[in-house]
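First comes the structure, then the notes that go with it.
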There are 2 protein chains.
Amino acid sequence: MADYHPAVSRETETDPPLWFDVHLFVCTNRRPDGHRRGSCAARGGEALRDYMKARAKEMGLKRVRVNSAGCLDRCEFGPAMVIYPEGVWYRADTREDIDEILATHVRDKGRVPRLMLTEKDVPPGKEKG
Amino acid sequence: MADYHPAVSRETETDPPLWFDVHLFVCTNRRPDGHRRGSCAARGGEALRDYMKARAKEMGLKRVRVNSAGCLDRCEFGPAMVIYPEGVWYRADTREDIDEILATHVRDKGRVPRLMLTEKDVPPGKEKG
């Protein structure tokens, strides 16, 4: 997947305006204990989702939505989340990670490279080709 | 919100490539029966999500992911879904609606205006200002 980099297909002249400026999806999928891939819920995704929702509200971020999502299929690198429309993925393990993503990426429109998933973070068996 | 139309903030030079070209989130939130806002699950969101996942697979669509999501907060217009990175929202009521969204929007990169939610579809009490 590393060489594939499409332009965003948004038709800004005719599509309705974005409903949320920042739409953040946190994987809260849970697999049975002992599953070889694990799951984001087993890695703490639900508590991090709850914290992120509460913090975003406390910070007064407008036009930002934090949602739960089903399995995002990057389980091995979770707890996984993705921020749209930019399509940037993160792994967060702690509340401090969440705080940094909210402050640096969501509020300040920057990036948190140390937590970002990249095209190199490919689950076993999901390699291209 | 109608006058607000930001550019997509994707930094295509430095952000990792999109992991999914089309990432579709179907609201499957369920509220108790009789809630004034209703909910997408009560309107059939779960069955439509299941059908959409299966149809996307049957159609052989690559780099497309259909996920469940928690409450997208446009309950009154549900079953609601949103497609990223373009951030276009739809309401689907039937399997035929799902087929049309998959064929026209996801596969052919078009739009299905008759099913699209716009900036005019504002839940009561959520009006701007």
Conditions (1) of a type outside the set (A, V, I, L, M, F, W, C); (2) assigned to a loop (DSSP other than H, G, I, E, B); (3) more than 13 Å from chain A (Cβ to nearest Cβ); number of the one not met by residue B:96: (2)
Residue within the stretch A:8-18 that is facing chain B (nearest Cβ under 9 Å), open to solvent by 10 Å² or more (accessible area, probe 1.4 Å), closer than 20 Å to residue B:14 by Cβ and not polar (S, T, N, Q) present: yes
Among the candidates B:82, B:112, residue that is closer than 24 Å to residue A:89 by Cα, modelled with pLDDT of 95 or more and open to solvent by less than 50 Å² (accessible area, probe 1.4 Å): B:82
Residue list for the stretch A:22-39, filter: more than 17 Å from the chain's Cα centre (by Cα) and open to solvent by less than 40 Å² (accessible area, probe 1.4 Å): A:37, A:38
Long-range neighbours under 6 Å by Cβ, at least six apart or interchain, first residue at pLDDT below 95 within the stretch B:15-27, second part of a strand (DSSP E or B): B:15/A:88
Boolean, residue B:106 is open to solvent by less than 30 Å² (accessible area, probe 1.4 Å), within 12 Å of another protein chain (Cβ to nearest Cβ) and in a helix (DSSP H, G or I): yes
Selection count where residues are within 12 Å of chain B (Cβ to nearest Cβ) and open to solvent by 40 Å² or more (accessible area, probe 1.4 Å), scope the stretch A:43-79: 8
Criterion violated by residue A:101 - all others in (1) in contact (Cβ under 8 Å) with a residue 12 or more places away in the chain; (2) open to solvent by 20 Å² or more (accessible area, probe 1.4 Å); (3) not hydroxyl-bearing (Ser, Thr, Tyr) satisfied: (2)
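The values are calculated or read from the model by the stated rules, or taken from the named source; none is laboratory data. Note that the coordinates shown come from a computational prediction; the quantities given were computed from them, not determined experimentally. So basically every Cβ, Gly included, is an ideal-geometry build from the backbone, and we count neighbours across all protein chains shown. The accessibility values were calculated without ligands, DNA or RNA, using every heavy atom of the protein model including side chains. Shrake-Rupley method; radii C 1.70, N 1.55, O 1.52, S 1.80 Å.
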